[in-house]
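The values are calculated or read from the model by the stated rules, or taken from the named source; none is laboratory data. Because the structure is predicted, anything quoted here is derived from the model rather than measured. Here the Cβ positions follow ideal geometry from the backbone for every residue, glycine too, while neighbour counts run over all protein chains shown. Quick note on the areas: whole protein, heavy atoms, side chains included, nothing else; ligands and nucleic acids left out. Shrake-Rupley method; radii C 1.70, N 1.55, O 1.52, S 1.80 Å.
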Amino acid sequence: MISKPKTLKDNSPKVYIKTFGCQMNKLDTELSVGSLSKKGYSFADNENDADVILLNTCSVRDKAEHKVYSQLGSLRDQKGKNPKLILGVLGCMAQNEGDKIFKRMPHVDLVCGTRMFSKLPELLEEISGSNKRILAIDEDGEVNFDRIVTQRQNRYNAFVSIMRGCDNYCSYCIVPYVRGREFSRAVTDIADEVKKLADDGCKEVTLLGQNVNSYGKGLAGKVTLATLLRTLDPIKGIERIHFLTSHPKDMNKEILEAIGELSGVCEYLHMPAQSGSDKILKKMRRQYTSAHYRELIEMAKSIVPGIKVASDFIVGFPGETEEDFEDTVGLLKEIRCQNSFIFKYSPRTGTSAIELVDDVIEETKKSRNHTLLELQKKISSEENRKVHGKSVEVLVEGESKTSAVRLIGRTRQNQIVAFDQPEGINQADVSSSMPGSLVSIKITDSTDLTLFGDYEGILPLRK
Ligand code: SAH
Ligand code: SF4
Ligand code: F3S
């Protein structure tokens, strides 16, 4: 949830936005908060106190849509008790399902697609006090990247959208259909936003796009992800730059050299392999082979020492045999990803893979999912153990949820680090001075998900 902005009047309508899905959706929620608060809306801390409830939704797998339908179902009573309550569905599932949502959920007032966020205040105004239900899923809607940089979830890190949409049409994927054509944002716009974030105390930015490796397509001149990174790296105050997601087909030496050379760009790639079988990769329309993926990882490791890679995998894609799955297991064993997101194939209406028979039975999908998850866990634990005894640079994010005397941060390779607050400094000083600092932590212990260590001291900022 986005917290309540301080500047707004208390009698204004209160909005509660619940966000599902990926980082891009979280950013869209921020953009909506921006456009709503400019028009005088304020924000509730929970759905019971809200006059407007908006669900910003995901369509990537069937389960994601089920979750939203069940949430909408459970809001029926609240709407029954308070007919003035406005209930809206935003984002990818709104775009995908359109007026089907109205048919299944008669108590929903607004369905607002992925390119209509900037119209939210006008749409809500039109609904308020009338019995109107509005379907706003125009595909030509203007996408507005404007955000209020001071209204974001975390003080020291922020996501920055560098492009929208996707032109890749991987055969299983709904994203190009719900998010539209790929569109890169101008370098000057991105740099201005990053500067504003830095002025507001932000130390770390993550550049977001469905395939950031093809950033710049359609922009005038030679603009690429590498040139963008070179423009952003010198911005004062920004200590770390991450970017995701990287499509292997568009990864190249120029990008890797920029990561290697620029001190602010972190040694971390989220580059989904999806499968280790060439037959399946072809059916997925991923446009690379597993050999090419391996070469890219080799090249990344030689150009950027210490680089860590995260991947996504889909198990149970149509036609995936035991042998194909073993190829995926083999790839993961070889690459030794730092972490992986593993999904069971979910057929999506409208994608080209819907033509293929979903012939891997649920039980097999489940067991392959489990096998890959367990393998990833084992690899993560082993890799984390290799860090024991070493000192790592941690950007402190804040207190741990479980203990007030424990602090949490991340390494440049996106590993979570927990450490006890330094002795001799009182609690108030730690809470106010430590978050946002770069510190050195000597790692003493770990699990598959977290490194634990001892505080060694504050590190100088890069600039
Ligand atoms: N643009 C990103 C991925 C966005 S979707 C990229 O190309 O890397 C996030 C992940 O969801 C994908 O990487 C894929 O692993 C998974 N995914 C997408 N469609 C899916 C489907 N129909 N069934 C199961 N997993 C899917
Ligand atoms: Fe989907 Fe492929 Fe585009 Fe990623 S690159 S969003 S998986 S179509
Ligand atoms: Fe993201 Fe889900 Fe949409 S993964 S782009 S919110 S379909």
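Counting just the residues of the range 345-384 that are of a type in the set (D, E, K, R) and loosely packed, with under 15 Cβ neighbours inside 10 Å, which one comes out nearest to GLY319 (Cα to Cα)? If you could, list the steps in order and put the result at the bottom.
Taking the range 345-384 first, the residues of a type in the set (D, E, K, R) are 348, 355, 358-359, 362-363, 365-366, 368, 374, 377-378, 382-383.
Remaining after also requiring loosely packed, with under 15 Cβ neighbours inside 10 Å: 355, 359, 362-363, 366, 374, 378, 382.
Working: GLU355: 12, ASP359: 6, GLU362: 13, GLU363: 15, LYS366: 16, GLU374: 23, LYS378: 28, GLU382: 32 Å.
The extreme case among them is ASP359.
The sole residue among VAL89, VAL108, VAL178 that is open to solvent by less than 20 Å² (accessible area, probe 1.4 Å), part of a loop (DSSP other than H, G, I, E, B) and not aromatic (Phe, Trp, Tyr) is VAL108. Of all residues in the range 156-171, those being open to solvent by 30 Å² or more (accessible area, probe 1.4 Å) and within 8 Å of ligand 2 (Cβ to nearest atom) number 2. Among residues that are more than 16 Å from ligand 3 (Cβ to nearest atom), in contact with a Pro (Cβ under 6 Å, 6 or more places away or on another chain) and more than 26 Å from TYR268 (Cα to Cα), ASP324 is not included. Answer yes if at least one residue in the range 299-308 is of a type in the set (Gly, Ala, Ser), more than 16 Å from ligand 3 (Cβ to nearest atom) and out of contact with any strand residue (DSSP E or B) (no Cβ under 7 Å at 6 or more places or on another chain), and no otherwise. Yes, the range 299-308 contains at least one residue that is of a type in the set (Gly, Ala, Ser), more than 16 Å from ligand 3 (Cβ to nearest atom) and out of contact with any strand residue (DSSP E or B) (no Cβ under 7 Å at 6 or more places or on another chain).
Return yes when SER311 is in a strand (DSSP E or B) and in contact (Cβ under 8 Å) with a residue 24 or more places away in the chain and no when it is not. For SER311, the condition - in a strand (DSSP E or B) and in contact (Cβ under 8 Å) with a residue 24 or more places away in the chain - is met. Scanning the range 121-172 for residues that are in contact with a Pro (Cβ under 9 Å, 6 or more places away or on another chain) and of a type in the set (A, V, I, L, M, F, W, C) yields LEU124, ILE148, CYS166, CYS170.
Restricting attention to the range 111-138, which residues are touching a strand residue (DSSP E or B) at 6+ places or on another chain (Cβ under 8 Å) and not in a loop (DSSP other than H, G, I, E, B)?
We begin by selecting, within the range 111-138, every residue touching a strand residue (DSSP E or B) at 6+ places or on another chain (Cβ under 8 Å); these are 111-114, 116-117, 119-120, 123-124, 126-128, 133-137.
Once the filter is applied, which keeps residues that are touching a strand residue (DSSP E or B) at 6+ places or on another chain (Cβ under 8 Å) and not in a loop (DSSP other than H, G, I, E, B), the range 111-138 yields VAL111, CYS112, PHE117, LYS119, LEU120, LEU123, LEU124, GLU126, ILE127, ILE134, LEU135, ALA136.
Search the range 152-180 for residues that are within 18 Å of HIS247 (Cα to Cα) and outside the structural domain of SER35 (by TED's automatic domain parsing) and pair each with any residue that is near ligand 2 (Cβ under 8 Å from one of its atoms) and in a strand (DSSP E or B) when their beta-carbon atoms are under 9 Å apart and the residues are at least 6 apart or on different chains. Note: pairs meeting the criteria are CYS170/GLN274; TYR172/GLN274. Within the range 149-196, the set of residues being out of contact with any Gly (no Cβ under 9 Å at 6 or more places or on another chain) and at positive phi comprises just one member, TYR169.
Of everything in the range 226-242 that's without any contact (Cβ under 8 Å) to a residue 40 or more places away in the chain and open to solvent by less than 10 Å² (accessible area, probe 1.4 Å), which residue is nearest to GLN413 (Cα to Cα)? So the residue we want is ILE241.
In summary, PHE183 fulfils each of the numbered conditions (1) more than 16 Å from ligand 1 (Cβ to nearest atom); (2) touching a Lys or Arg at 6+ places or on another chain (Cβ under 7 Å) with the single exception of condition (1). State which residue pairs qualify: first residue in the same structural domain as PHE317 (by TED's automatic domain parsing) and inside the range 275-293, second residue surrounded by fewer than 16 Cβ atoms within 10 Å (Cβ to Cβ) and part of a loop (DSSP other than H, G, I, E, B) in any location, beta carbons under 6 Å apart, and separation of 6 or more residues or different chains. Here the result reads ASP278/THR289, each pair linking the range 275-293 to a residue that is surrounded by fewer than 16 Cβ atoms within 10 Å (Cβ to Cβ) and part of a loop (DSSP other than H, G, I, E, B).
Residue count for the range 92-105, restricted to those that are touching a helix residue (DSSP H, G or I) at 6+ places or on another chain (Cβ under 8 Å) and in a helix (DSSP H, G or I): 8. Note on the range 284-308: residues that are more than 21 Å from LYS386 (Cα to Cα) and not in a helix (DSSP H, G or I) total 6. I need the full set of residues from the range 58-81 which are more than 15 Å from GLY21 (Cβ to Cβ) and surrounded by fewer than 12 Cβ atoms within 10 Å (Cβ to Cβ), in order please. Correct list: SER70, SER74, ASP77, GLY80, LYS81. Restricting attention to the range 176-206, the residues that are among the hydroxyl-bearing types (Ser, Thr, Tyr), within 16 Å of ligand 3 (Cβ to nearest atom) and over 21 Å from CYS266 (Cα atoms) total 1. Based on what the data block shows, is SER70 within 18 Å of LEU123 (Cα to Cα) and either part of a helix (DSSP H, G or I) or of a type in the set (D, E, K, R) (or both)? For SER70, the condition - within 18 Å of LEU123 (Cα to Cα) and either part of a helix (DSSP H, G or I) or of a type in the set (D, E, K, R) (or both) - is not met. Just to be sure before I move on: is ASP199 within 16 Å of ligand 1 (Cβ to nearest atom) and surrounded by fewer than 16 Cβ atoms within 10 Å (Cβ to Cβ) in the structure I sent? So ASP199 fails the test.
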